[in-house]
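Structure record follows, encoded as structure tokens.
The values are calculated or read from the model by the stated rules, or taken from the named source; none is laboratory data. What you are looking at is a predicted structure, and each value in this text was computed from that prediction instead of being measured. Backbone-built Cβ (ideal geometry, glycine too); neighbour counts: all protein chains shown.
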Amino acid sequence: MDLEKAKAKAEILRAQINQHDYRYYVLDSPEISDAEYDRFMRELIETEQAFPELITSDSPTQRVGAAPSHAFQSVSHRSRMMSLDNVFDEAGLNNFIRRVENQVGKTDYVCELKIDGAAIALTYEDGLLTRGTTRGDGVSGEDVTSNLRTVRALPLRLIGENEVPFLEIRGEVFMPRKAFIELNRQRGEEGLPLFANPRNAAAGSLRQLDPRITASRNLDLICYEIGYIEGKSFQTQREVLEQISDWGFHVSEHWREAKDATEIMPFCEEWIAKRDELHYEVDGAVIKVNRLAQRDRLGATSKAPRWAVAYKFPAEEKTTKILDITVNVGRTGALTPLAIMEPVFVGGSTVSRATLHNEDEIRRKGVKIGDTVLVHKAGDVIPEIIKPIIEKRDGSEHDFVMPAKCPACGNKVYHPEGEVATRCVNIDCPARLFESIMHFASRGAMDIDGMGPATISELLDKGYIHNVEDIYYLTEEQLFTLTNFKEKSVSNMLSSIERSKGRPLSRLLFALGIRHVGSHVAEVLARRFRTIDALARASQDELIAVEEVGPILAESIRDFFDLPRNREVIDRLRAAGVNMEEEVEEGPQTLHGITFVLTGGLESMTREEATRSIEERGGKVISSVSRKTDYVAAGSEPGSKYDKAVQLGVEIIGESELLDILKGERTPESKGKT
């Protein structure tokens, strides 16, 4: 076959494959079998291998063609990707409608489902995909083009005639429920940490350095907006959605026009009841003014359009049955009742346990063992029992009674006067040990991947660990005896343990579980004393002299280091090679006397990293906004602190401005407020 024939064949095959991709991934209406599709793809691969000069960037073979990246480049959006204001009930929705119609009169709307995923912007030039970015801080995002190319529902070239020279489409990348469940099942078998929900899984998958990993995650895409366009204009959101669909994008089939405001709430109520029928997670509805000219008149605030609002659905509620109430013993000895329930899928994941906190909480809610109960996820994260369904009781239910002895060690438990918690005071209690190791290995502490509850339980049961320091003396042979631990998971675990040795002193102090020493106080202590030995030698008066350390905290620290057993733990950790020092850069104190409040998500660093960078330069990060605050640094989706700053007239800066301050490219000023 000569070059011309190969070129013609490749073009035909690409057109066929793109059409079948569109029918399968967008229309959900395949016309051919998987075997036929695979034959087309094999022929195209063979043709391009024989004639590499025929490979194009929009060829279906290039869905996973890029080499792993070492970093993501920051890219500015053509127009700002704003967040939406939220309303949570009909009254809030009516307030939004009233504000709109006070400005533009009675109007029509478009109602769309709010997909719980990761927002992205897709740039097309002359019909060809040239770039895909994350939302970032709304002004700029990360270039994740290579990863987005792996999403089969995303057209690499627009369908139809090339009508516009430049186009930016906006949408939501999400992980379908089945794909999320399967991904977490695989990660569990490999001893890897599970994703909390499909949204986190989708966002994490988009930011993989290797596109092949993204490709394996079965991500999907729904588009809903044009961020920027040249060469074409529209009158309504309806026209926008229809055109997006015609270009080959997956548009939700559930959007609806509302000819007036009275049709909005029925749409929301319908999908609150039906959201379980969807194959993806939604957390609300987006209500938009339909006419684009009216949107221009309505404008926007500094962070959200005035012509759209997100109506957040109430937390999803399901019924299930309490099979038993067991008692969990925490690392401080507190006994916490835990409801064991029939598994139920709620809020994006399957739950079978929910904390009942303490005896007072059980009495307040009137929960009995055997009850049918209503559950939801508090804050869409933590499983919580709302109430028992009294009507479903059949007489077999019975009250829970807090045990008089610790269920883990058999020692007598105590209920200190004035406290809600019942406690086991035996420091050698094996349940306290389990929780101590869980805390030690957790993400905010030593961050040991794969050291989850099942693994820790088995390590304890087999006698491989008896305390936290034993983690660093585990052998390859021991790990191979654990359930589901194969060569890869053993290697991952040993590598993760080795990496954890280099964590800063602040993380170690937090991991050790010193009472009242949280992550922030641990950082304060590590910066002040620099080494664990210096901290261990500090007197109570020296500790109290440290800002943010009071008498109770100072006494707790002294009690910890005065115990010989705790000093043995530190000595064994040191012998294993665990870092005992805090590196503090002695840079110029350019932020001395300047106070910051951080709100919203940051893209280039975590909130903890931003706090550390500010404090290393002499600045101070506080938790609440007041007139004395110098700057509020706002990332994506800022919360109530942003609104408070606007109200008080505190200067608000974005992530890029914060970075300029940290780099010394902008000189901050104390406002001198009193």
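The set of residues in segment 566-602 being among the hydrophobic types (A, V, I, L, M, F, W, C) and assigned to a helix (DSSP H, G or I) consists of VAL569, ILE570, LEU573, ALA575. Filtering segment 292-309 to residues that are crowded, with 19+ Cβ neighbours inside 10 Å and modelled with pLDDT of 90 or more leaves ARG295, TRP307, ALA308, VAL309. Within segment 77-107, the residues that satisfy the criterion of being part of a helix (DSSP H, G or I) and among the β-branched types (Val, Ile, Thr) are ILE97, VAL100, VAL104.
Is it fair to say PHE434 is buried (at least 19 other Cβ atoms within 10 Å of the Cβ), under 24 Å from the mean Cα position of the chain (by Cα), not in a loop (DSSP other than H, G, I, E, B) and not basic (Lys, Arg)? In short, no.
Taken over segment 603-631, the criterion of being aliphatic (A, V, I, L, M) and surrounded by fewer than 21 Cβ atoms within 10 Å (Cβ to Cβ) is satisfied by MET605, VAL621, ILE622.
Just a yes or no: is a residue in segment 199-218 modelled with pLDDT of 95 or more and of a type in the set (Val, Ile, Thr)? No, the conditions are met nowhere in segment 199-218. Pairs linking a residue in segment 645-665 that is hydrophobic (A, V, I, L, M, F, W, C) to a residue that is surrounded by fewer than 18 Cβ atoms within 10 Å (Cβ to Cβ) and assigned to a helix (DSSP H, G or I), with Cβ atoms under 9 Å and 6 or more positions apart or on different chains, are VAL650/LYS644; ILE652/VAL646; ILE653/ASP660.
With LEU494, LEU509 as the choices, which residue is in a helix (DSSP H, G or I), of a type in the set (A, V, I, L, M) and more than 29 Å from HIS357 (Cβ to Cβ)? Outline the logic, then answer.
On the way: LEU509 fails: more than 29 Å from HIS357 (Cβ to Cβ).
Answer to the check: LEU494.
Can PRO337 be described as at pLDDT 90 or above and either over 29 Å from the mean Cα position of the chain (by Cα) or small (Gly, Ala, Ser) (or both)? So PRO337 fails the test.
The set of residues in segment 211-231 that are more than 17 Å from LEU122 (Cα to Cα), touching a helix residue (DSSP H, G or I) at 6+ places or on another chain (Cβ under 9 Å) and either among the basic types (Lys, Arg) or in a loop (DSSP other than H, G, I, E, B) (or both) comprises SER216, ARG217, ASN218.
Going by what's in this entry, would ILE115 be described as under 21 Å from the mean Cα position of the chain (by Cα) and under 30 Å from ASN18 (Cβ atoms)? So ILE115 passes the test.
Residues in segment 269-289 that are crowded, with 20+ Cβ neighbours inside 10 Å and either in a helix (DSSP H, G or I) or among the small types (Gly, Ala, Ser) (or both): 3 in all. Is segment 50-64 home to any residue that is of a type in the set (Asp, Glu), surrounded by 13 or more Cβ atoms within 10 Å (Cβ to Cβ) and at pLDDT 85 or above? No. Of the candidates ALA91, ALA153, ALA121, the single residue that is farther than 29 Å from GLN208 by Cβ and either surrounded by fewer than 18 Cβ atoms within 10 Å (Cβ to Cβ) or not hydroxyl-bearing (Ser, Thr, Tyr) (or both) is ALA91.
The conditions of being among the β-branched types (Val, Ile, Thr), under 25 Å from VAL327 (Cα atoms) and assigned by TED's automatic domain parsing to the domain that holds ILE570 are met by ILE514.
Is it the case, given these coordinates, that ALA378 is in contact with an Asp or Glu (Cβ under 7 Å, 6 or more places away or on another chain), at pLDDT below 90 and closer than 30 Å to ASN200 by Cβ?
Numbers: in contact with an Asp or Glu (Cβ under 7 Å, 6 or more places away or on another chain): yes; at pLDDT below 90: yes; closer than 30 Å to ASN200 by Cβ: yes.
Yes.
Scanning segment 500-528 for residues that are farther than 17 Å from HIS439 by Cα and either touching an Asp or Glu at 6+ places or on another chain (Cβ under 7 Å) or modelled with pLDDT of 90 or more (or both) gives GLY502, VAL524, LEU525, ALA526, ARG527. Kindly indicate whether any position in segment 534-555 is in a helix (DSSP H, G or I), modelled with pLDDT under 85, touching a His at 6+ places or on another chain (Cβ under 6 Å) and farther than 30 Å from ILE652 by Cα. No: segment 534-555 contains no residue that is in a helix (DSSP H, G or I), modelled with pLDDT under 85, touching a His at 6+ places or on another chain (Cβ under 6 Å) and farther than 30 Å from ILE652 by Cα. I'm trying to understand the selection: among the residues of segment 151-190, which are aromatic (Phe, Trp, Tyr) and either modelled with pLDDT of 90 or more or in a strand (DSSP E or B) (or both)? Hits for segment 151-190 are PHE166, PHE174.
All conditions but one from (1) in a helix (DSSP H, G or I); (2) in contact with a strand residue (DSSP E or B) (Cβ under 7 Å, 6 or more places away or on another chain) apply to LEU659; the one that does not is (2).
Cβ separations smaller than 8 Å between residues 6+ apart or across chains give the following pairs from segment 531-542 residues that are within 11 Å of ILE557 (Cβ to Cβ) to residues that are modelled with pLDDT under 95 and of a type in the set (Val, Ile, Thr): LEU535/ILE557; ALA536/ILE570; ALA538/ILE557.
Scanning segment 603-624 for residues that are in a loop (DSSP other than H, G, I, E, B), closer than 19 Å to GLY664 by Cα and of a type outside the set (Gly, Ala, Ser) turns up MET605, ARG617.
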